[in-house]
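Below you'll find the structure, written out as structure tokens, and then a few comments.
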Amino acid sequence: MNTTTAPHGAPPAPDGGRSAQYDAFHAARARTDLVSRLYAEAMGEDYPVEVAASSSCDWPLLGLMTTRLKMWPGQLLVDAGCGTGGIGLWLARALALRLAAFDLSPVAVAQATDRRSRFGLPAERTAFRVAELEDTGLPDAGAHGIVCVDALGGTADRDAALRELGRVLAPGGRLVMTRASRQGAVPAWEKQARAAGLTVEHVDERPAEPAMWERLYRLWIAHADELRHELGGDQAERMLHEAHQVLPKLAERRAVLLTLRRPVTTPAGPGSADTMTVPGRHPDVRTPQ
């Protein structure tokens, strides 16, 4: 459900077909605050205005991710499927981290790059790039922590994406990600984690998440004419189609924050970050110009 996307002058997307709808959404959203206002209305006081993510990220989720990551200042955080960057930028500032983030959409990546200064983060501490979850281009075992919010569902191969994120994660590091399944179903999380060389450390239930999506979708439907006027017919119809398609399924939705950890095979401590690659200085981590 994450509408992660991305501006002008960004590098080409790895898959122009899949990124095109996200590019168009973010370009349209940049012209109006209507979508943000509807998210804010759906979340109420839990809406993190500064983050402004097109996802289920609210204040409780930010707090829970902070708790589960257990990161030290100066360590490297990867925001996988970062959209316009608010989540990774907020966490990097709050925890004094370095940030390497990527998204499928070049429009989102360019917007995220532009937002760095609003969070008071210098370019040498942050890097954004266009990449796929299944092929990040990041170095092996370089990340002390990874966040992935509402992005895994948009991948062509979830197992391959998890293996790739597991490859990027350093020993002892944690991947925190939003996942969903049908109520009563046995999820494949344990099996997928093992295949990626990870262990399931925590499964935190998010019982309020389906109701938030229901409020948001009903707001989209109620404001259909405004969406068409502000975003254009194509973007509005995509959003309305999603709302009508997903609304009937929300009653059976189970949402969680999943924390996966790479087993510790080498000593790790607060000083280990000094040996890590600095975002923006590795040849595979480029900031769009």
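Some points to look at:
- In the set (1) closer than 28 Å to residue 132 by Cβ; (2) not in a strand (DSSP E or B), residue 202 fails one condition alone, (2).
- Residue match in the stretch 127-146 (condition: outside any loop (DSSP other than H, G, I, E, B), within 11 Å of residue 85 (Cα to Cα) and open to solvent by less than 10 Å² (accessible area, probe 1.4 Å)): yes
- Within the stretch 106-138, the residues that satisfy the criterion of being in contact with an Asp or Glu (Cβ under 6 Å, 6 or more places away or on another chain) and either closer than 15 Å to residue 23 by Cβ or among the basic types (Lys, Arg) (or both) are 107, 109.
- Residue count for the stretch 147-170 under the criterion of being in a helix (DSSP H, G or I), open to solvent by less than 50 Å² (accessible area, probe 1.4 Å) and either within 22 Å of residue 70 (Cα to Cα) or touching a helix residue (DSSP H, G or I) at 6+ places or on another chain (Cβ under 9 Å) (or both): the result is 8.
- Listed by first and then second residue, the pairs linking a residue in the stretch 58-83 that is in a strand (DSSP E or B) to a residue that is surrounded by 22 or more Cβ atoms within 10 Å (Cβ to Cβ) and not hydrophobic (A, V, I, L, M, F, W, C), with Cβ atoms under 6 Å apart and 6 or more places separating them unless they lie on different chains, are 76/98; 76/144; 77/145; 79/88.
- Only residues that are assigned to a loop (DSSP other than H, G, I, E, B), under 23 Å from residue 35 (Cβ atoms) and in contact with a Gly (Cβ under 9 Å, 6 or more places away or on another chain) were counted in the stretch 84-102, giving 0.
- Residue satisfying all of: in the stretch 186-203; of a type outside the set (Val, Ile, Thr) and out of contact with any strand residue (DSSP E or B) (no Cβ under 8 Å at 6 or more places or on another chain); nearest to residue 264 (Cα to Cα) among these: 197
- Scanning the stretch 207-226 finds no residues that are touching a strand residue (DSSP E or B) at 6+ places or on another chain (Cβ under 9 Å), within 21 Å of residue 261 (Cα to Cα) and not in a helix (DSSP H, G or I).
- Yes/no for residue 185 being in contact with a Ser or Thr (Cβ under 8 Å, 6 or more places away or on another chain), not in a strand (DSSP E or B) and not basic (Lys, Arg): no
- Odd one out for residue 107, checked against (1) open to solvent by less than 30 Å² (accessible area, probe 1.4 Å); (2) among the hydrophobic types (A, V, I, L, M, F, W, C); (3) closer than 30 Å to residue 251 by Cβ: (3)
- In the set (1) touching a strand residue (DSSP E or B) at 6+ places or on another chain (Cβ under 6 Å); (2) under 30 Å from residue 249 (Cα atoms); (3) among the small types (Gly, Ala, Ser), the condition left unmet by residue 145 is number (2).
- Top-ranked residue in the stretch 1-45 [being acidic (Asp, Glu) and open to solvent by 60 Å² or more (accessible area, probe 1.4 Å); ranked as modelled with the lowest pLDDT]: 33
The values are calculated or read from the model by the stated rules, or taken from the named source; none is laboratory data. None of the values given here were measured: they were computed from a predicted structure. Because the Cβ atoms are built from the backbone with ideal geometry, glycine has one as well, and the counts that use them run over all protein chains shown. The protein model used for the area step is the full one, side chains on, heavy atoms only, and it has no ligands, DNA or RNA in it. Shrake-Rupley method; radii C 1.70, N 1.55, O 1.52, S 1.80 Å.
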